[in-house]
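S.K.: Right, I'll just put the structure down here and ask away after.
The values are calculated or read from the model by the stated rules, or taken from the named source; none is laboratory data. Not measured: the values here are computed from a predicted model. In this analysis, Cβ positions are derived from the backbone assuming ideal geometry, glycine residues included, and neighbour counts consider all displayed protein chains. The protein model used for the area step is the full one, side chains on, heavy atoms only, and it has no ligands, DNA or RNA in it. Shrake-Rupley method; radii C 1.70, N 1.55, O 1.52, S 1.80 Å.
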Number of protein chains: 2
Amino acid sequence: IGNRDFQTSHRTVVLPGLINIAAFVPGIISQSSNDLQTITKTSIASGFSMVRIMPMGIEGSITDAKTLKLAQQNSKRGGYCDYNFLGSLFIPFNHLSDNINKVAAVTTHFDSWPTHKPILTDAKTTDLASILLLASLHSRRIHVTSVTTKEDIRIIALSKEKGLNVTCDVSIYSLYLTRKDYPDCLGLPTPEDQQALWDHLATIDVFSIGSLPYQLCHGTGSTTNPSVGIADALPLLLTSVTENRLTLDDIKTRLYDNPKQIFELHEQVGTSVEVEIDRPYTVPSTSLWSPFVGKTMRGAVQRVTFGDKTVCLDGEMLPIPPLGKDMSTHGSMPVPMSPPMRPLQQSIS
Amino acid sequence: IGNRDFQTSHRTVVLPGLINIAAFVPGIISQSSNDLQTITKTSIASGFSMVRIMPMGIEGSITDAKTLKLAQQNSKRGGYCDYNFLGSLFIPFNHLSDNINKVAAVTTHFDSWPTHKPILTDAKTTDLASILLLASLHSRRIHVTSVTTKEDIRIIALSKEKGLNVTCDVSIYSLYLTRKDYPDCLGLPTPEDQQALWDHLATIDVFSIGSLPYQLCHGTGSTTNPSVGIADALPLLLTSVTENRLTLDDIKTRLYDNPKQIFELHEQVGTSVEVEIDRPYTVPSTSLWSPFVGKTMRGAVQRVTFGDKTVCLDGEMLPIPPLGKDMSTHGSMPVPMSPPMRPLQQSIS
Ligand SMILES: [Zn+2]
Ligand SMILES: [Zn+2]
Ligand SMILES: [Zn+2]
Ligand SMILES: [Zn+2]
Ligand SMILES: [Zn+2]
Ligand SMILES: [Zn+2]
Ligand SMILES: [Zn+2]
Ligand SMILES: [Zn+2]
């Protein structure tokens with residue numbers, strides 16, 4: 001099994017097919033982009049049998065019917081795991097055009113969205129407090145994505161205590177890397193913020209991947225790849241299980257039960273992930289950038305079963321065609337019309 | 001009676017001594033400033049027997065024990081109506097130093113303030129939504145001062161409906177002047193915003209004077225005077241009574257009952273204001289700037305009784321010494337430690 005050290009005591013655990021609720025597809029609306037194929041392939045091999053595609057790409061975002069069509073064109077070549085473009089309205093507070101009246105924009109978009117569906121936002125600090133109030137006033141369910149600071153996780157914890165209908169995710173990279181390691185990456189938490197995230201584990205509903213690995217990779221000047229960060233996710237979390245910082249149930253809750261419930265996702269029949277824990281190995285250097293190359297991990301994906309077929313073994317895809325389905329059209333969802341966004345390129349480049 | 005047109009049908013009404021909950025004292029902490037004397041003199045002659053002093057001056061603000069002491073030095077020369085420096089924590093969202101984590105700042109200051117006392121803020125749009133959520137999460141009572149936009153009055157209306165403990169005031173100038181009249185004065189509402197304010201009269205707890213008249217006067221290049229705007233207040237509101245846009249009770253509620261209750265102010269025994277309505281007159285040009293010079297008003301202050309003494313007749317102070325008291329020390333209030341503020345000078349000059 002490649003460069004893993006053999007050791008006798010290890011266990012194999014079977015988990016349901018996992019869900020990445022924030023898959024970043026750089027070329028989501030770029031003509032003839034293969035990013036969706038690349039990402040779904042890495043995802044399934046890494047234990048994620050379902051991905052929710054973030055509406056923001058590098059060159060443009062899904063904000064209306066026209067851009068959605070571009071994304072759907074790209075998805076015609078298939079995906080290796082199930083994927084979902086829609087299902088929640090995204091209010092990208094950090095990418096709203098400047099000089100927009102945020103309260104008016106948010107309220108307008110709230111009111112054009114079905115009441116029982118979640119609203120997703122990346123709002124932080126005062127914007128986060130603001131959108132939480134607006135959601136509460138308009139009786140909306142809100143999901144805060146990629147929480148990174150102690151203030152934000154605390155405000156979410158307090159809001160939950162007060163009965164607000166709010167959930168949140170934290171990018172897995174934010175749990176293992178800080179600005180101490182990468183001072184220029186403002187997307188990462190400070191060590192103090194990271195500690196607060198771990199202290200508020202009970203407040204974190206979902207672990208996500210998000211665009212943080214891509215941003216970090218880009219920031220270090222390394223060659224970017226849409227798949228960056230995906231393969232690191234489970235080994236990092238499973239290694240924390242061996243260190244008693246997490247339980248397997250913590251992982252299952254945050255990568256399966258909660259994502260499924262919050263975003264009303266399908267049951268994936270005959271789909272499971274067999275992981276191995278307690279067998280140490282060193283993360284190898286490959287063409288895919290990772291900040292964890294050379295580090296020791298104690299958990300890995302051994303086998304992925306998708307629709308009753310074994311599709312991956314030891315982190316490698318078997319030679320089979322893409323079996324993933326576009327789940328976006330399940331139920332009849334309106335196209336979420338997001339507020340005008342600045343291209344992510346501006347903030348990432 | 002000066003330049004008033006005589007007419008036979010008019011009425012005289014007796015109101016309690018009125019309260020200006022936002023008296024702007026430009027030289028509040030400036031050495032040897034007489035602004036407090038000037039303002040209290042104009043206030044009592046204009047029907048206001050009690051003023052709450054805004055903590056923000058032109059050259060500096062009351063933010064701690066040291067600046068409070070400077071303000072109290074200036075008040076030793078007395079005031080012509082009762083005045084109050086304290087009684088609420090002011091969170092000056094629009095003057096917070098930049099790059100401050102607003103949520104952290106607000107929360108810290110919340111938590112150092114007695115629970116039953118109101119917190120005052122000038123927050124707008126997304127900051128307003130934010131502070132309303134924080135107040136709700138921390139079970140604090142909040143008063144929003146100088147509301148000017150339709151979004152802000154709506155969010156306050158919705159918050160009240162949802163049971164949040166929030167009150168607000170609107171500067172009287174905002175009800176009678178718009179940016180159509182003074183395009184450069186961003187402190188004024190647009191005509192559409194002003195209409196929304198009138199439409200939400202039931203949401204407006206208090207009418208205030210605030211710093212808007214001073215800012216407007218300064219903006220027009222006229223000679224500023226700490227008293228600007230005070231004498232216009234009652235004539236404007238009483239004229240609206242003659243036009244059936246307001247009732248006398250609307251005024252009494254918003255300049256007496258609500259201010260007294262929200263800010264836990266003293267009963268002023270033997271104090272009353274006799275006003276005359278329905279007798280039209282033209283606002284004369286005096287050394288004190290007013291945007292209403294030449295306009296017809298149909299309401300005026302006739303007599304002010306303060307502590308059972310007649311102290312003013314027909315808008316003029318009688319030659320008596322200052323009888324006003326500093327009410328700040330009533331009860332043992334801590335000094336409200338506000339977050340660091342930018343001097344108002346920066347935004348006003
Ligand atoms: Zn084994
Ligand atoms: Zn609504
Ligand atoms: Zn279904
Ligand atoms: Zn819009
Ligand atoms: Zn008369
Ligand atoms: Zn608190
Ligand atoms: Zn008392
Ligand atoms: Zn402070």
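S.K.: Count, please, the residues in segment B:239-276 that happen to be aliphatic (A, V, I, L, M) and part of a loop (DSSP other than H, G, I, E, B). Even if it seems obvious, please write down each step before you answer.
M.R.: From segment B:239-276, those aliphatic (A, V, I, L, M) are B:241, B:246, B:248, B:251, B:255, B:262, B:265, B:269, B:273, B:275; that's our starting set.
Cutting the leftovers down to part of a loop (DSSP other than H, G, I, E, B) gives us B:246, B:265, B:269.
Selection size over segment B:239-276: 3.
S.K.: Name the residue, out of B:L323, B:L236, B:L318, that is open to solvent by less than 50 Å² (accessible area, probe 1.4 Å) and more than 16 Å from ligand 5 (Cβ to nearest atom). First the steps, then the outcome.
M.R.: Numbers: B:L323 fails: open to solvent by less than 50 Å² (accessible area, probe 1.4 Å); B:L318 fails: open to solvent by less than 50 Å² (accessible area, probe 1.4 Å).
Answer to the check: B:L236.
S.K.: Inside segment A:191-225, can you point out the residues that are assigned to a loop (DSSP other than H, G, I, E, B) and open to solvent by 30 Å² or more (accessible area, probe 1.4 Å)?
M.R.: At the first step, the residues of segment A:191-225 found to be assigned to a loop (DSSP other than H, G, I, E, B) are A:200, A:204-205, A:209-211, A:220-225.
Those that are assigned to a loop (DSSP other than H, G, I, E, B) and open to solvent by 30 Å² or more (accessible area, probe 1.4 Å): A:H200, A:T220, A:G221, A:S222, A:T223, A:T224, A:N225.
S.K.: Could you tell me whether any residue of segment B:68-84 is surrounded by fewer than 22 Cβ atoms within 10 Å (Cβ to Cβ) and hydrophobic (A, V, I, L, M, F, W, C)?
M.R.: Checked against the condition, which is being surrounded by fewer than 22 Cβ atoms within 10 Å (Cβ to Cβ) and hydrophobic (A, V, I, L, M, F, W, C), segment B:68-84 yields at least one hit.
S.K.: Sort through B:L188, B:L236 and tell me the only one that's in a loop (DSSP other than H, G, I, E, B), away from ligand 8 (no atom under 16 Å from the Cβ) and modelled with pLDDT of 95 or more.
M.R.: On the way: B:L236 fails: in a loop (DSSP other than H, G, I, E, B).
Checking each option against the conditions leaves just B:L188.
Rundown of residues vs (1) within 16 Å of ligand 8 (Cβ to nearest atom); (2) free of Cβ contacts under 8 Å to residues at least 12 places away in the same chain; (3) farther than 16 Å from B:T203 by Cβ, yes/no style:
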position: B:T107; (1), (2), (3): yes, no, yes
position: B:K117; (1), (2), (3): no, no, yes
position: B:A129; (1), (2), (3): no, no, no
position: B:L137; (1), (2), (3): no, yes, yes
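S.K.: If only one of A:A105, A:A123, A:A135, A:A129 is more than 23 Å from A:S227 (Cα to Cα), open to solvent by less than 20 Å² (accessible area, probe 1.4 Å), within 11 Å of chain B (Cβ to nearest Cβ) and not in a helix (DSSP H, G or I), which one is it? Give the derivation first.
M.R.: Working: A:A105 fails: not in a helix (DSSP H, G or I); A:A135 fails: not in a helix (DSSP H, G or I); A:A129 fails: not in a helix (DSSP H, G or I).
A:A123 is the lone residue from the list that is more than 23 Å from A:S227 (Cα to Cα), open to solvent by less than 20 Å² (accessible area, probe 1.4 Å), within 11 Å of chain B (Cβ to nearest Cβ) and not in a helix (DSSP H, G or I).
S.K.: Output yes when any residue across segment A:120-140 is in contact with a His (Cβ under 7 Å, 6 or more places away or on another chain) and more than 16 Å from ligand 5 (Cβ to nearest atom), and no when none is.
M.R.: The initial filter retains those residues of segment A:120-140 that are in contact with a His (Cβ under 7 Å, 6 or more places away or on another chain), namely A:120.
This time we only want the ones that are more than 16 Å from ligand 5 (Cβ to nearest atom), so: A:120.
Yes: one or more hits.
S.K.: Just checking, how many residues over segment B:20-61 are free of Cβ contacts under 8 Å to residues at least 60 places away in the same chain, over 12 Å from the mean Cα position of the chain (by Cα) and crowded, with 22+ Cβ neighbours inside 10 Å?
M.R.: 4
S.K.: Please specify each residue of segment A:197-220 satisfying the condition of being modelled with pLDDT of 95 or more and over 20 Å from the mean Cα position of the chain (by Cα).
M.R.: Selection gives A:D199 alone.
S.K.: Let me ask another. Within segment A:171-181, is there a residue that is within 11 Å of chain B (Cβ to nearest Cβ), without any contact (Cβ under 8 Å) to a residue 12 or more places away in the chain and surrounded by fewer than 23 Cβ atoms within 10 Å (Cβ to Cβ)?
M.R.: Applying the first criterion (within 11 Å of chain B (Cβ to nearest Cβ)) to segment A:171-181 yields none.
Taking every residue of segment A:171-181 in turn, none turns out to be within 11 Å of chain B (Cβ to nearest Cβ), without any contact (Cβ under 8 Å) to a residue 12 or more places away in the chain and surrounded by fewer than 23 Cβ atoms within 10 Å (Cβ to Cβ).
S.K.: Still on this model: Test each condition in (1) away from ligand 4 (no atom under 16 Å from the Cβ); (2) part of a strand (DSSP E or B) for A:F90 and report the one that comes out false.
M.R.: (1)
S.K.: Condition first: away from every other protein chain (no Cβ under 14 Å), under 17 Å from the mean Cα position of the chain (by Cα) and not hydroxyl-bearing (S, T, Y). Can you find one or more residues in segment A:147-160 that meet it?
M.R.: At the first step, the residues of segment A:147-160 found to be away from every other protein chain (no Cβ under 14 Å) are none.
No, segment A:147-160 has no match at all.
S.K.: For segment B:131-156, which residues satisfy the criterion of being within 16 Å of ligand 6 (Cβ to nearest atom), modelled with pLDDT of 90 or more and out of contact with any strand residue (DSSP E or B) (no Cβ under 8 Å at 6 or more places or on another chain)?
M.R.: Residues satisfying the conditions are B:L133, B:L134, B:S136, B:L137.
S.K.: When residues of segment B:149-165 are filtered for being in a loop (DSSP other than H, G, I, E, B) and surrounded by 23 or more Cβ atoms within 10 Å (Cβ to Cβ), how many remain? Outline the logic, then answer.
M.R.: Pass one, segment B:149-165, residues in a loop (DSSP other than H, G, I, E, B): B:149, B:162-165.
Those left that are additionally surrounded by 23 or more Cβ atoms within 10 Å (Cβ to Cβ): none.
Number satisfying all stated conditions: 0.
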